[in-house]
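S.K.: My structure is below; once you've seen it, I'll send some questions.
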Amino acid sequence: MGSLADPGELDSVSPPPSFDEFQRQTSLMTSCTLLWKELSDHFTSLEQDILKKSESLKSKIQTLDSQTKQSLQVLEHRETSMNETLSIALQKVVENKKAAILALNDGLEQPEVDDSNGLLLKLKSFCVKMDSTSFWKFLIVKKKDLDSLRVEIPKALEECVDPPRFVLETISSVFPEDKRENERNNDLGWACVLMLESLIPVMMDPVLGNERKLVTPSVKDKANEIAEIWKKSLDERGGIENVKTPDVHTFLQHLVTFGVVKDEDFDLYRKLVVGSAWRKQMPKLAISLGLGDKMPEMIEELISRGQQVDAVHFTYEVGLADKFPPVPLLKAFLKDAKKAAAAILEDPNNSGRAAHFAAKKEQSAIRSVLKCIEEYKLEAEFPPDNLKKQLEQLEKPRNNEKKRSPAAVPANKRTRASNNGPMPPAKAGRSTNAYVSSFPIRSPPHTQYPAAVPAFVRSPQHTQYPAAVPAYAAPPAIYGSRSPPYPYSPEAAPYPGTPVNYSPYGGYGNGMAPAYQQAYYR
C-alpha cells in the first residue's frame, strides 16, 4: 500500500497566488467593465439616434403626404375649373368682339377727355377697336395724368379681345428695340412699364385669380422671343453697365408680367436689379423674378457700392432688418455724402459754384434719409429733428439768393474791356432760335468769326429784366481777352454742338445726378 503524500510536499508544489497576480486580474476585470460600459453607451446612443431619425422620417413622410394631397387637390381644382374659366373667357371675348364690330360699323364719336370718366371712355374706345397705335399716341402725351392712367388703363384693357397681344403691339415701337428715328432722347420707359403693370390684373384667371394667367401659347411664345431679342441687344447698348435704367425696368417687368423667367438667366437678372436698385419697384421685381435667396448677397453688394438707402429698401422687402440694421446704414450714407460734398469743395478744378453743388448733394442725401425714416417708422431709433435742422441750414443760402432783389445783385456780369459797360441782358435777344442753357457756358476758341455769328447765350442765374431790350448792334470796341468780338444778333443760331432741349437733373444746371435718384412712381 502506498503511503499518503506529505502535506509539506503539496505546499511546496503549488504555491499560493501572489498579490501582483491579484492586481493584474483586478485590472483586467476593470478594463472589461469599462469596455462593456462604453459599448453599451455607444449602442444606446445609436439606438436613440435611429429612433430620432425614424421619427423625423415619419414626420417628413406625413408632411410629404399632406403636401402631395394638397397638390393633387389643387391640380384637380385647376383641372375642374378649366371649363368654367374657358367658358367665362370665351363669353367675354365674344362680347368684346361684338362691341368692336359695332364700334367699327357705327363710327362712334371720340369722347372728350375732361375728367376721369372721359379718360376711361377714351381709352376704352381704342381698346374696343384694338387700335394700339392710337392708344400709344394718346398715352405718351398724358404723363401728367399718370395716377389716373394707372387706375383707368386696367379697366380699359378688359374691353380688348386679346389684352396681352394688344399690350405687346402697343409698346412695340420702343420695346424691345426703339424703332423711332427722331425722338429717341424722349424716354418712354414709364409708358411701357405702366402698360405691363396694368396688364397683370387683366390676365388673372377669373376662378383661380393670380394662380393662373390667361395668355395664349402664341402670345407667350412672342413674349419669350421679345425677351431674347432684348438680351441679344445688350452688347449694342454697351453691356449691362451702360444699359439705361428705364430699359432695364421695362425688360424685368415684361418677364414678370408674361411669366417668361428662366433659371439660367438668374445671374443676369441679379446684375440688372443691382444696377437699377434705386428704382422703387426693384425690390418687389427681384422677389417676383425668384431672386429671394440671393437677396443677402445683393444687399451686401449695394452697401459696398455706397447705396445704403437702396439696401434699406431691399432689407425691408425681404424681412432682413435684423441682419442688416437700417439705422447704421442710413448714418453711413449721410457720412459718405458729407465726404463727397467736402471733396467737391476741396477740388481746385471745380468752378465757383462748387459750394452750390456740394450743398445740393448733401441736401439730396438728407431728404432721402428723412423719407426712409418716415416710411419705415424709424423715428425712435433715429430722431429726424437734427437732420431737419441741417436741411434748413443748407437751404438758407438758396432762399436768401431767391429773395435778393434784381437791383441788389452785384456786378458779376461780364464787362466790356473798352469802357467797362455791362454785357447785353439775358432776355435782350431772346427769340425762337435763341438757346438758354442751364449749364455753365465755355468760351469758344479764339478764332476769327465771319459776319454771321451766334447770339449771346446767358445762364438763367443772371438778373431778370422787366422788359425785353432791343438787339444790340456790334460795337466798335474790342472785347476782353477771354472772348472774341461778337456782333449781337437776336436771330443768330446757338453755338454749334450745343445740346438742345436737354434738361439737367433737378434743373440746377450742374449736370450732376442727385445722390439718391428717385423712381418713376416713388
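S.K.: Could you sort Phe324, Phe43 by their accessible area in this structure, using a 1.4 Å probe and putting the largest first?
M.R.: Solvent-accessible surface, decreasing: Phe43, Phe324.
S.K.: Less than 14 Å Cβ to Cβ from Thr44, Lys/Arg counted +1 and Asp/Glu -1: what total charge do the surrounding residues give?
M.R.: Summing Lys/Arg as +1 and Asp/Glu as -1 gives -2.
S.K.: Roughly speaking, what % of Cα-Cα pairs in the stretch 225-329 are separated by over 23 Å, rounded to a whole number?
M.R.: 24
S.K.: Evaluated at 4 °C with a viscosity of 1.567 mPa s, what Stokes-Einstein diffusion coefficient in µm²/s does the stretch 180-269 have when Rh comes from the Kirkwood expression over alpha-carbon pairs?
M.R.: Answer, rounded: 90 µm²/s.
S.K.: Hey, another quick one. In square angstrom, rounded to the nearest 10, how much accessible surface does Phe138 have for a 1.4 Å probe?
M.R.: Surface open to solvent at Phe138 totals about 30 Å².
S.K.: Considering the stretch 317-374, what Rg and Dmax in Å follow from its alpha-carbon atoms?
M.R.: 14.5, 46
The values are calculated or read from the model by the stated rules, or taken from the named source; none is laboratory data. Source: prediction; values computed, not measured. Cβ coordinates were reconstructed from backbone atoms using ideal geometry, including for glycine residues, and neighbour counts include every protein chain displayed. The accessibility values were calculated without ligands, DNA or RNA, using every heavy atom of the protein model including side chains. Shrake-Rupley method; radii C 1.70, N 1.55, O 1.52, S 1.80 Å.
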